[in-house]
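Structure first, then comments.
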Amino acid sequence: MMNRGEKGPMVFEPDFLEIAPGDRVRFVPTHKSHNAATIDGMVPEGVEGFKSRINDEFETGFEKPGFYGIKCSPHYGMGMVMLIKVGEATLPQSYREVDVPGRAKTRLDDLFEQAGK
């Protein structure tokens, strides 16, 4: 979680992960005022989301196959988002219809295209 990275300001690096069910991901705030939280409407059905505390390193497991939309709560409007693909999964059309702030929408659309390749 960075204030500035290869793709500009307020980014997760990497911003797209493909992992296996049961893998764990560690979110590390390399700068202050970041967290990691699931985006409402962008987790597999039946999965409870998560929200880490600001400035805290956070690790969580991803058991259920599917796509997980992740945001930094304070910087969501600035487009600080990422996408995690767990196992074999097809991106649900409903993810494209979730109401997200403008810059986040642009970045998510790019990630959705990347996920479809």
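The values are calculated or read from the model by the stated rules, or taken from the named source; none is laboratory data. All values derive from a computational prediction rather than experimental measurement. Neighbour counts run over all protein chains shown; Cβ positions are idealised from the backbone, glycine included. Accessible surface areas use protein heavy atoms only, side chains included; no ligands, DNA or RNA. Shrake-Rupley method; radii C 1.70, N 1.55, O 1.52, S 1.80 Å.
Counting only protein heavy atoms and a 1.4 Å probe, the chain has 55 square angstrom of accessible area per residue.
Rolling a 1.4 Å probe across all protein chains gives S94 an accessible area of roughly 60 Å².
Based on the Kirkwood approach, the hydrodynamic radius assigned to region 10-98 is 13.2 Å, with every pair of different Cα atoms included. Extension gain, T106-S33: 0.36 nm per intervening residue step, less the Cα-Cα distance, totals 24.0 nm.
Think of each Lys and Arg Cβ as +1 and each Asp and Glu Cβ as -1; about the Cα centre, that makes the dipole of the chain roughly 380 debye. Here the chain exposes an accessible surface that is 47 percent carbon and sulfur, computed with a 1.4 Å probe and the other protein chains kept in place.
Just name one of V11, P21, M42: the one whose Cα is farthest towards the positive end of the charge dipole of the chain (beta-carbon charges, Lys/Arg +1, Asp/Glu -1). Ranked along the dipole, the leading option is V11.
Take the alpha-carbon positions of region 34-84, form their convex hull, and give its projected area averaged over all directions (one quarter of the hull surface) in nm².
Working: hull surface 13.8 nm².
It is 3.4 nm².
Across the chain, how many lysine pairs, 8 or more apart or on two chains, come within less than 26 Å at their alpha-carbon atoms? Counting lysine pairs in the chain gives 22.
Can you show me the helix-derived [θ] at 222 nm for the chain, built from DSSP H runs with n ≥ 4 at -39,500 (n - 2.57) apiece and divided by the number of residues, rounded to the nearest 500.
Details: 2 runs with 18 residues, N = 117.
That calculation yields -4500 deg cm²/dmol at 222 nm.
Close amide-amide hydrogen proximity is noted between F16 and L83, each under 5 Å apart and 5 or more residues distant or on a separate chain (H modeled in the peptide plane; Pro and chain starts excluded).
Stretch I54-S73 to full length: gain in nm at 0.36 nm per residue minus the Cα-Cα span?
On the way: separation 19, 0.36 × 19 = 6.84 nm, distance 0.87 nm.
Once the chain is fully extended between I54 and S73, it gains 6.0 nm.
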